[in-house]
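The structure under discussion appears below in the form of structure tokens.
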Amino acid sequence: MEKQVPGVGTLLNKAPKNWGRWGPEDEVGSLNFLTSAEVLRGVAAVKQGRTFTLQVQMGNPKGDPVWPGRDPAKRINVLDEGHFLCGKGPAFPGGLHYADDVMFMYLQGSTQYDALGHVWCDGKLWNGYDANTTIGGMSKASVLPLAERGIVGRGVLIDMARHRGKTSLDPGETFTHEDLLAAAKKQGVTIEKHDVLLLRTGWISAFYEKDRAEFYKNFVEPGLTYTPELVDWFHEMEIPNLVTDTIANEVTIDPVSGAALPLHIALMSNLGITFTEIAHLDPLAEDCARDGQWSFLYVAAPLKVVNGSGAPVNPVVIK
Ligand code: UVW
């Protein structure tokens with residue numbers, strides 16, 4: 001008999017919500033926790049002045065890791081020396097030549113911030129906005145307010161793959177906040193209230209190592225899995241931003257309920273926690289394992305896409 005999958009709204013009917021906490025017009029959710037004091041707490045975590053960028057390459061000739069059904073970014077030259085060689089380039093006084101290109105991509109098709117209204121259930125987005133506000137472009141809780149504000153705070157990296165002695169977690173492999181706390185203890189770092197939480201699974205690197213068909217076969221990502229206690233922990237810790245090296249920041253299908261991506265609703269839509277997906281965390285993780293410094297300043301600002309459901313970003317970590 002086929003398993004009955006409950007609606008995510010039903011699954012989460014007792015889960016905490018931050019709707020209204022920052023007023024009826026709020027569109028940045030838990031980023032409100034990142035006050036000036038939190039920026040300074042992030043700055044205080046800088047010990048060495050070394051930097052890391054967290055975006056995966058965009059328009060990589062091998063393709064980009066994207067959620068099934070989305071196309072990888074495509075960059076197309078529209079002007080280069082070839083045009084000038086055959087007399088088709090624009091003639092500027094002084095002989096200036098230049099190159100132009102365009103890119104066609106899903107806004108969730110690279111390392112990216114999801115808008116808080118990117119997902120919803122039962123007709124309501126973040127803060128209770130009506131799902132009809134997504135029609136024709138997001139007029140509420142789009143990525144623009146996140147981009148206008150920017151994200152700066154103390155970041156902490158938890159390396160779940162390393163914790164489990166693996167290069168990469170297995171398809172569908174899950175972990176909870178209890179595992180995060182155990183890994184943090186082993187790493188010798190404390191996850192503090194209002195930290196930007198970065199979780200490494202090793203999954204995105206597997207995309208570049210595997211054949212594309214193999215990567216997408218029976219697609220189930222590893223990741224955080226729903227429990228009521230996990231949602232309460234994120235709520236109590238007032239986590240502003242969850243960053244992972246997977247395409248969707250959580251296990252694709254919750255193995256208990258069978259629901260797809262319930263943490264998108266529980267954490268992003270209900271609590272207003274911003275999601276940064278498809279992050280490139282391996283060099284940072286290697287470095288943290290080497291010097292034992294797992295906390296740092298995290299700085300990011302997605303592109304200012306008007307009415308966008310998400311936008312690419314290249315976050316910077318400063319240790
Ligand atoms: C979906 O929207 C399905 O996933 P993501 O948050 O990864 O874009």
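Filtering region 108-130 to residues that are assigned to a loop (DSSP other than H, G, I, E, B), within 21 Å of residue 31 (Cα to Cα) and out of contact with any helix residue (DSSP H, G or I) (no Cβ under 8 Å at 6 or more places or on another chain) leaves 108, 111, 129. Set side by side, the residues 261, 230, 242 differ, and just one is free of Cβ contacts under 8 Å to residues at least 60 places away in the same chain and within 16 Å of the ligand (Cβ to nearest atom), which is 242. Summed over region 274-316, the residues that are part of a helix (DSSP H, G or I), open to solvent by 20 Å² or more (accessible area, probe 1.4 Å) and either among the aliphatic types (A, V, I, L, M) or within 15 Å of the ligand (Cβ to nearest atom) (or both) give a count of 1. Residues in region 247-258 that are surrounded by fewer than 24 Cβ atoms within 10 Å (Cβ to Cβ) and of a type outside the set (A, V, I, L, M) were compared, and the one that is nearest to the ligand (Cβ to nearest atom) is 252.
When residue 219 is tested against (1) touching a strand residue (DSSP E or B) at 6+ places or on another chain (Cβ under 7 Å); (2) within 14 Å of the ligand (Cβ to nearest atom), just one condition goes unmet, and that condition is (1).
Of the residues 146, 157, the single one that is in contact (Cβ under 8 Å) with a residue 60 or more places away in the chain, in contact with a Cys (Cβ under 7 Å, 6 or more places away or on another chain) and open to solvent by less than 30 Å² (accessible area, probe 1.4 Å) is 157.
Give region 118-143 a look and list any residue that's surrounded by fewer than 22 Cβ atoms within 10 Å (Cβ to Cβ), away from the ligand (no atom under 16 Å from the Cβ) and among the hydroxyl-bearing types (Ser, Thr, Tyr), or say none. Of everything in region 118-143, those that are surrounded by fewer than 22 Cβ atoms within 10 Å (Cβ to Cβ), away from the ligand (no atom under 16 Å from the Cβ) and among the hydroxyl-bearing types (Ser, Thr, Tyr) turn out to be 133, 139. Pairs please, first residue from region 30-50 and at positive phi, second anywhere and in a loop (DSSP other than H, G, I, E, B), Cβ atoms under 8 Å, 6+ apart in sequence or on different chains. Close Cβ pairs satisfying both conditions: 49/319. Can you confirm whether region 289-301 contains a residue that is closer than 23 Å to residue 110 by Cβ and touching a Phe, Trp or Tyr at 6+ places or on another chain (Cβ under 6 Å)? So far as region 289-301 goes, no, none of its residues is closer than 23 Å to residue 110 by Cβ and touching a Phe, Trp or Tyr at 6+ places or on another chain (Cβ under 6 Å).
Hey, among the residues in region 65-107 that are among the small types (Gly, Ala, Ser) and assigned to a loop (DSSP other than H, G, I, E, B), which one's nearest to the ligand (Cβ to nearest atom)?
Filtering region 65-107 for residues that are among the small types (Gly, Ala, Ser) and assigned to a loop (DSSP other than H, G, I, E, B), the one nearest to the ligand (Cβ to nearest atom) comes out as 69.
For the residues 213, 182, the requirement of being modelled with pLDDT under 95 and of a type in the set (A, V, I, L, M) singles out 213. Out of all the residues in region 131-154, is one or more within 28 Å of residue 54 (Cα to Cα), part of a strand (DSSP E or B) and among the hydrophobic types (A, V, I, L, M, F, W, C)? Yes - at least one qualifying residue is present in region 131-154.
Yes or no, residue by residue, for (1) within 13 Å of the ligand (Cβ to nearest atom); (2) of a type in the set (S, T, N, Q); (3) assigned to a loop (DSSP other than H, G, I, E, B); (4) surrounded by fewer than 24 Cβ atoms within 10 Å (Cβ to Cβ):
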position: 180; (1), (2), (3), (4): no, no, no, yes
position: 194; (1), (2), (3), (4): no, no, yes, yes
position: 235; (1), (2), (3), (4): no, no, no, yes
position: 266; (1), (2), (3), (4): no, no, no, no
position: 272; (1), (2), (3), (4): no, no, yes, no
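Do we have residue 82 as farther than 30 Å from residue 156 by Cα, over 29 Å from the mean Cα position of the chain (by Cα) and surrounded by 16 or more Cβ atoms within 10 Å (Cβ to Cβ) here? The answer is no for residue 82.
The values are calculated or read from the model by the stated rules, or taken from the named source; none is laboratory data. Just so you know, these numbers come straight off a predicted model, no measurement behind them. Counting neighbours? That spans all protein chains shown, and the Cβs are built from the backbone with ideal geometry, glycine included. Ligands, DNA and RNA are excluded from the accessible area calculation, which covers all protein heavy atoms including side chains. Shrake-Rupley method; radii C 1.70, N 1.55, O 1.52, S 1.80 Å.
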